[in-house]
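The values are calculated or read from the model by the stated rules, or taken from the named source; none is laboratory data. The structure presented is a predicted model; accordingly, all values stated were derived computationally and were not measured. Every residue, glycine among them, receives a Cβ derived from its backbone with ideal geometry; neighbour counts consider all protein chains shown.
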Amino acid sequence: MQILSMALIAYLLGSIPSGLWIGKIFYHRDITKEGSGNIGTTNTFRVLGFKAGLVVLFMDILKGTLAASQPYLLHSPVNPLLIGLFASLGHTVSIFDHFHGGKAVATSAGILLAYNPGLFALAASIFVGTLLLTSMASMASLVGISAMFIIALFLHDWILATVAGILTAVVFYRHKANIGRILRGQEAMVNFGLGHYLRTKRK
């Protein structure tokens, strides 16, 4: 019963549509109808600006961290990654957003933060480094989650590898449109980094 309760709480935490609520409450805008239509951090930055994007990023990471911290707080022997996985599920299939949602990247990072802060720092470094090179948040997300899966295999952390593998599949599926645009050279870029510089220089 305790495991089911933790899983349900994790799902409900993950389901909180941070970008959608921040947009409607403070900006009176529905980000599902602007930009990419996604409720996640990247579209929030794009539609509502830096301050809102930063708040949503923090909230989405926090959802995963709180969800995965439950076994620690309740002294449960269950691996926090297994509980945290339900937060990522909630973020992608939110009960508060008609079972739509985001792409699970920030929430998955929050789960990793609860499980292993060192690996979280490494994943964040890989994400930022890829973002600075490519100027594409989508590419940074894909590389970051894939790197965690590979690192987990090298560490022989089979639970992390399994959860990271599942989340990698989810993230790639949720980014399938982005992958198509990347291959066609049409993916949207942030206004900084090497990729943005090179694209601007070509014009």
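Brief remarks on what is shown
- Residue identified as more than 21 Å from residue 120 (Cβ to Cβ), under 17 Å from the mean Cα position of the chain (by Cα) and surrounded by 23 or more Cβ atoms within 10 Å (Cβ to Cβ) among 14, 19, 64, 23: 19
- In the range 149-184, residue farthest from residue 111 (Cα to Cα) [restricted to those that are of a type in the set (Phe, Trp, Tyr) and more than 18 Å from the chain's Cα centre (by Cα)]: 154
- Residue 69 meets each of the listed conditions (1) among the hydroxyl-bearing types (Ser, Thr, Tyr); (2) over 16 Å from residue 21 (Cα atoms); (3) at pLDDT below 95 apart from (3).
- Among the residues of this structure, residue 39 does not count as one that is β-branched (Val, Ile, Thr), over 27 Å from residue 192 (Cβ atoms) and either surrounded by fewer than 23 Cβ atoms within 10 Å (Cβ to Cβ) or touching a Ser or Thr at 6+ places or on another chain (Cβ under 7 Å) (or both).
- Residue check, residue 154 surrounded by fewer than 12 Cβ atoms within 10 Å (Cβ to Cβ), at negative phi and not acidic (Asp, Glu): yes
- Selection within the range 41-62: residues that are assigned to a helix (DSSP H, G or I) and not hydrophobic (A, V, I, L, M, F, W, C). The member of this set that is nearest to residue 6 (Cα to Cα) is 60.
One line per residue, one yes/no per condition, for (1) surrounded by fewer than 17 Cβ atoms within 10 Å (Cβ to Cβ); (2) at pLDDT below 95; (3) in contact with a helix residue (DSSP H, G or I) (Cβ under 7 Å, 6 or more places away or on another chain); (4) on the phi < 0 side of the Ramachandran plot:
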{"residue": "159", "(1), (2), (3), (4)": "yes, no, yes, yes"}
{"residue": "168", "(1), (2), (3), (4)": "no, no, yes, yes"}
{"residue": "172", "(1), (2), (3), (4)": "yes, no, yes, yes"}
{"residue": "177", "(1), (2), (3), (4)": "yes, yes, no, yes"}
{"residue": "180", "(1), (2), (3), (4)": "yes, no, no, yes"}
{"residue": "185", "(1), (2), (3), (4)": "yes, yes, no, no"}
{"residue": "190", "(1), (2), (3), (4)": "no, yes, yes, yes"}
{"residue": "198", "(1), (2), (3), (4)": "yes, yes, no, yes"}
{"residue": "201", "(1), (2), (3), (4)": "yes, yes, no, yes"}
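- Residue among 14, 37 that is on the phi > 0 side of the Ramachandran plot and not hydrophobic (A, V, I, L, M, F, W, C): 37
- Check on residue 87, buried (at least 22 other Cβ atoms within 10 Å of the Cβ), over 23 Å from residue 38 (Cα atoms) and touching a Ser or Thr at 6+ places or on another chain (Cβ under 8 Å): no
- With a requirement of 3 or more residues that are over 16 Å from residue 41 (Cβ atoms) and among the charged types (D, E, K, R), the helices (runs of 4 or more DSSP H) lying completely within the range 113-196 that satisfy it span 176-184.
- Subset of the range 63-88 [without any contact (Cβ under 8 Å) to a residue 40 or more places away in the chain, in a helix (DSSP H, G or I) and either more than 13 Å from residue 116 (Cα to Cα) or in contact with a Cys (Cβ under 8 Å, 6 or more places away or on another chain) (or both)]: 73
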